[in-house]
1. Given the criterion more than 14 Å from chain B (Cβ to nearest Cβ), buried (at least 18 other Cβ atoms within 10 Å of the Cβ), in a loop (DSSP other than H, G, I, E, B) and in contact (Cβ under 8 Å) with a residue 60 or more places away in the chain, identify the matching residue among A:Phe347, A:Phe327.
2. Run A:Thr190 past the list (1) buried (at least 18 other Cβ atoms within 10 Å of the Cβ); (2) in contact with a Phe, Trp or Tyr (Cβ under 9 Å, 6 or more places away or on another chain) and report the number of the one that doesn't hold.
3. Can you tell me how many residues within segment B:1-21 are within 18 Å of the chain's Cα centre (by Cα) and either modelled with pLDDT under 80 or within 9 Å of chain A (Cβ to nearest Cβ) (or both)?
4. Does A:Phe59 satisfy being more than 24 Å from A:Ala490 (Cβ to Cβ), modelled with pLDDT under 85 and not β-branched (Val, Ile, Thr)?
5. Say whether the condition of being touching a Gly at 6+ places or on another chain (Cβ under 6 Å), within 11 Å of chain B (Cβ to nearest Cβ), touching a residue at least 40 places away in the same chain (Cβ under 8 Å) and not charged (D, E, K, R) is met by at least one residue in segment A:51-67.
6. Please indicate, with yes or no, whether at least one residue in segment A:98-109 is within 19 Å of the chain's Cα centre (by Cα) and within 12 Å of another protein chain (Cβ to nearest Cβ).
7. Quick one: count up the residues across segment A:275-286 that are facing another protein chain (nearest Cβ under 8 Å) and either hydrophobic (A, V, I, L, M, F, W, C) or within 9 Å of A:Pro42 (Cβ to Cβ) (or both).
8. Six or more apart or on different chains, Cβ atoms under 6 Å: show the pairs whose first residue is in segment B:21-39 and within 18 Å of A:Leu224 (Cβ to Cβ) and whose second is modelled with pLDDT under 85 and not in a helix (DSSP H, G or I).
Amino acid sequence: MSQDLWNYLFIGASFALYIGIAFKQRAGSTKEYYVAGGGVSPFANGMATAADWMSAATFISMAGTLASSGYDGSRFLMGWTGGFVLLTVLMVPFLRKFGKATVPDFIGDRYYSKAARLVAVVCAIFICLTYIMGQMRGVGIVFSQLFGIGIPAGVIIGAAIVFFYAGLGGMKGITYTQVAQYCVMAFAYTIPAIFIAIVLTGNVIPQLGLIGEYTKGGEGTPFLEKLNAINTELGFSKYTDGSLAKIDMFCITAALMFGTAGLPHVIVRFFTVKNVKAVRSSACWTLSFIAVIYLTAPTIGAFSRVNLIDKLHDTAYEDAPAWFQDFEETGQMAWVDKNGDGKIQYFGPGKSDSGKAGAVFLGKGPLFAEGRGGSGERLLTNEVVAASPNELWYGKDIMVMANPHMAGLPKWVIALLMAGCIAAALSTAAGLLLVLSTSISHDLMKKVVKPDLTDKEEIKWARIASLGALLVAVYFGINPPGAFVAKTVAFAFGLAASSFFPALLLGIFSKRMNKEGAIAGMVTGILFTLSYIIYFSYLGGTPSQYFLGISPEGIGFVGMIVNFIVATTVSRLTAEPPQEIKDLVDLVRRP
Amino acid sequence: MRDAEDRYWKANLRWLVVILGTWFFVSFGCGILFRDWLDENFFKVGTAPFGFWMAQQGSIISFVLLLIAYAKIMNGLDAKYHVEEESK
């Protein structure tokens, strides 16, 4: 059987499953549409939340980031799991007790103000849109791989599918589809890792392989030492050291963590179980399911790095494995024969003479020209960086997809992985789309613009809003604002950390916090973060101008501190909140 | 009644501090701030340097354990102060 046939088989079967579930569990009322009727078991909710939580960025991009940056990639691992601890202990039990369907609802009521609600809606829309862009990009990458088409066409196909079943099923449909998607993702992620672990380290459990010996081809050396040796030999920093400054690493991890705790689409998930006890056990399940994937990601990263270098470095182009040409065809790998020896050379920043550390060429990605070079490779129109001997370019997002090819795994494993990638992207995109559409239909239309909206009209608005949001997401999926999926997503977390986290935390833990403080805090926090990101990503800011050396990915943490300071100061200077609000806070604090 | 609620909330806050303290220590502490020192001077986990292992594996395992502990402690507190929520 050919690879294509396997792919279609696995993806077709998983799709039939999702759509079947979505159809069977489709939402009948607004309550079902928003919170699945409130009666999902902690175990099922845990799985669904894990699927919702683990986006295409996690699934596709994270292992690739780990592979290329080693220790530095830990920021995503710790950030996205550690944030879950914050979310569970600081936010969810209290917000659930409050018992409203959305985060802007809480903010609107706690801060007794339409203006606060409006600010929260705008923040929610902004955060979700940034996040969903990353997902659409991920979907695009998978479909482009699957059908051998360009990423733009892949993005459009993915968007059509997401719209179909998120709009149809509402939260109830999504929850049960996500359970199925989690299972697909978990298998798809761990099975290739197990195969590769056996080949490279002789260990069945990848996590033990990572801390074990590299045994391929004779005697064993400690795996990470082997990897460090490979890295330093090619002019990269040691795999276990990374190259980010400590303060930047700290801030990015913190932004991801606090952002997680302020992400509207994850908080909403916990409104679907029946009591606080169930919320706690649901959170334990969720993090355990997430940990299965997050503990595997570092092993995939490390293994694929060894494989990539082993298979490509110093290999003549015509001897390179077939998958290299396949990825070159879809524009995700490229080779420039700088020294004209017909061999692929891969080098890091340590081997280049000037500042353009390790770059093959200038520009974000390869721009292919017509025609072929001397060895049959695709020619590029990018300006080549002569100061660096590195000849190999690959998109970081492609690592997970390329991994089973590199390890020569059976075709069905690759097909399973494709199905998993799609599940990851679809589940998150669907969850986000739902929050976006609720924000618009419920928080904006019903609560602010037109209070006499009927249930039916509200769902109609929700569906219209999801279509609009998707169109925006498609545009940015095709023209991504960040270099790779994980980075785009990191911005969304920075925005959430700097806007929602302080407003929610102070709303629960400080009775003195009033509407003036909360609004001022949210507005300054998100504006500060947003302008920093825009300045450095689009208006030509350079790393030497970074505030204390903190990159745009990590600035959300600073934004959060700004928010806390502004909110506290303003609230002290203005009137105390009314007594009924203080009573409300007391009520929320009791389980 | 008010008094019991206040004590419940205080106990709640005390546990939060303990849990978040551990949370900070395993991730930011071991995984970032003292990572290089731990890599050099602390024991290895298998063949992996300790700080690196904490950043990529140990912290995540700790988080899961933390949440399990949290659920147990909080359920215990609820029972002790008789503030359990009736299931709807």
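The values are calculated or read from the model by the stated rules, or taken from the named source; none is laboratory data. Quick caveat: nothing in here was measured; it's all calculated off a predicted structure. All Cβ positions, even for glycine, are placed from backbone atoms using ideal geometry, and neighbour counts span all protein chains on display.
1. Numbers: A:Phe327 fails: in a loop (DSSP other than H, G, I, E, B).
The unique qualifying residue is A:Phe347.
2. Among (1) buried (at least 18 other Cβ atoms within 10 Å of the Cβ); (2) in contact with a Phe, Trp or Tyr (Cβ under 9 Å, 6 or more places away or on another chain), the lone unmet condition for A:Thr190 is (2).
3. Residues that pass the stated criteria total 6.
4. Here the answer is no, as A:Phe59 does not meet what is asked.
5. yes
6. no
7. Here is the first cut: in segment A:275-286, the ones facing another protein chain (nearest Cβ under 8 Å) are A:275-277, A:280-281, A:283-284.
Retained after the next criterion (residues that are either hydrophobic (A, V, I, L, M, F, W, C) or within 9 Å of A:Pro42 (Cβ to Cβ) (or both)): A:276-277, A:280-281, A:283-284.
Summing the residues that are facing another protein chain (nearest Cβ under 8 Å) and either hydrophobic (A, V, I, L, M, F, W, C) or within 9 Å of A:Pro42 (Cβ to Cβ) (or both) in segment A:275-286 gives 6.
8. B:Asp39/B:Pro49
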